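> Take a look at this one; I'll ask things after.
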Amino acid sequence: MLVYLDNSATTSTAPDVVAAMLPYFSEQMGNAQSVHSFGQRAKAALEKARRQVATLIGAAPTEIVFVSGGTEADNLAIRGIAEASGQRRGHIITTEIEHPAVLATARALEEQGVAVTYLPVSRGGLVDVAQVGRAIREDTVLVSIMHANNETGTIQPIEEIGKLLGEAHAAGHTRIYIHTDAVQSVGKLPVNIHSLGVDMLSMSAHKIHGPKGIGALYVRKGVRLGKILFGGHHERDRRPGTENIPAIVGFGTACELAGASLEARMSRIADLRDYLERELNDRIPGVRANGDPLARLPNISNLSFEGVDGESLLIALDLKGVAVSTGSACSSGSLEPSHVLTALGLSREQVRGSLRFSFSQYTTREEIDYVVQVIVEIVDRLREMAPDDDAAGVRNASAQS
Ligand code: PLP
């Protein structure tokens, strides 16, 4: 049996999405900027997709900027605000648990003279809203805090942070923009830019059964963004380059599918996730769930297996046809311990022993039964092989639980 439980890394492209994209590789190959009818048909497809993406998050189509993915959306939001607010000055507030697309952008800006505050998080991975308030300085121009974390699924109180910034503005502070990386939450939760109260929001198609290499930045009307790429006047002068029409059409279709019966789909996925966690907890001592137990996405379960090396578990699972990811694999392919789990206060051993299981609408109960069965066998075997003091630790833990 092959079981793919790494849907937070990427998802399969839905058959309806592929079907919608296909004509735009061949007979509908026009450049959306061309005046002839091929160009006009491409332009119509581009604008339809823009409406589909906007609808999913409650935005106006003119507020959607198509970019190459979540990484570029994050770069455009953060660097765009830094550029617009006067280069090499200002202050940005973010967190220690952001995706590298945000963290590395913030670090690059720091090198250019922008000040950055990286807020810590609680044991459950939550940002303290009051702490955001205390971090605000006179020169703060942007708060960038992710909506849901890609490793733990923990959902941040973005609405409350937005309100706090509104209050700061009402009290005389110059406008502080708020950006949220919603790459993991869009299509998994109802995401609405009005209720979230954000000025910018990053999305990526390949996390919601769309194609890879396409995403969008929602930019509230009136937000002034500096340029990070130079070229033609595409995307209302915000992102130059010939539009990737097949990918954009796929993204639009994926958004429409993601919005349809979202809550029913997600409640089924949450049931499967809870079932996996219950079964593993009942059958294996020393398993703990990481992240906030309540404010969490329905499709991610991050578990630490005491006394087990996550990398060995991942490889053994792969040999059995099960794909998951570890808390130590990072985007560069190195084995640095996860900065997210480390920020939650987990010990090095706990981080090393953690795995992320991420589900999709295609995940079945039979697959979970198979995964539980192979994990029980593998953990047993790995613990047998572990040095005596590690194994003793687990035996003690099981006696306490
Ligand atoms: N932000 C988050 C939270 C992510 O999980 C990812 C992808 O893993 C990205 C940004 C980057 O998105 P993309 O792969 O589309 O560049």
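> Whole-Å semi-axes of the stretch 234-318's equivalent ellipsoid, largest first, each the root of 5 times a Cα gyration tensor eigenvalue?
38, 19, 12
> Determine the relative contact order of the chain: mean sequence separation of Cα pairs under 8 Å and six or more apart, normalised by residue count, in whole percent.
In percent, rounded to a whole number, it is 22.
> Which whole-number percentage describes the relative contact order of the stretch 120-216, with Cα contacts under 8 Å and a sequence gap of 6 or more?
About 25 percent, as a whole number.
> What do you get for Rg/Rh of the stretch 7-60 when both radii come from the Cα atoms and Rh is the Kirkwood radius?
Checking Rg against Rh, the ratio lands at 1.07.
> Using the crude model of +1 on Lys and Arg Cβ and -1 on Asp and Glu Cβ, and no other charge, please compute the dipole size for the chain relative to its Cα centre, in debye to 20.
Computed charge dipole of the chain: roughly 1400 debye.
> Restricting the count to DSSP beta bridges whose residues both fall in the chain, what percent are antiparallel, rounded to a multiple of 5?
Beta bridges within the chain, antiparallel portion: roughly 55 percent.
> Of all trypsin sites (Lys or Arg not before Pro) in the stretch 7-83, which ones are in loop regions per DSSP and have a Cβ with at most 11 other Cβ atoms within 10 Å?
Of the trypsin sites (Lys or Arg not before Pro), not one in the loops of the stretch 7-83 has a Cβ with at most 11 other Cβ atoms within 10 Å.
> Based on the mean of other beta carbon atoms within 10 Å per residue, what is the order of 285-298, 243-256, most packed first?
So the order, starting with the most tightly packed, is 243-256, 285-298.
> Next question. For the stretch 290-305, list residues with backbone N below 19 Å from a point placed 7 Å from the Cα of Ser267 toward its Cβ?
Residues 294-300 fall inside that zone.
> Compute the FRET efficiency between Ser122 and Leu22 as 1/(1 + (r/R0)^6), taking r as their Cβ-Cβ distance and R0 = 45 Å, and round to the nearest 0.05.
Using R0 = 45 Å, I get an efficiency of 0.45.
> Quick one: which residues, 5+ away or cross-chain, put their amide H under 5 Å from the amide H of Leu119? H built at 1.01 Å from N.
Thr94, Thr95, Glu96
> Return an integer: the convex hull volume of the alpha-carbon atoms of the chain, in Å³ per residue.
141 Å³
> Enumerate lysine pairs in the chain that are 8 or more residues apart or on different chains, then count those whose Cα atoms are under 30 Å apart.
Step by step, the pairs that qualify in the chain add up to 24.
> Rank Ala254, Phe357, Asn302 by how far each Cα sits towards the positive end of the charge dipole of the chain (+1 on Lys, Arg Cβ; -1 on Asp, Glu Cβ) and give me just the farthest.
Ala254
> Using modelled backbone amide H atoms (1.01 Å from N, in-plane), which distant-in-sequence or interchain residues come within less than 5 Å of Tyr177's amide H?
Leu142, Val143
Here, each number is a calculation from the coordinates, and none is a lab measurement. Worth saying up front: this structure is predicted, and the values here are computed from it rather than measured. Here Cβ is always computed from backbone atoms with ideal geometry, including for glycine, and neighbour counts include all displayed protein chains.
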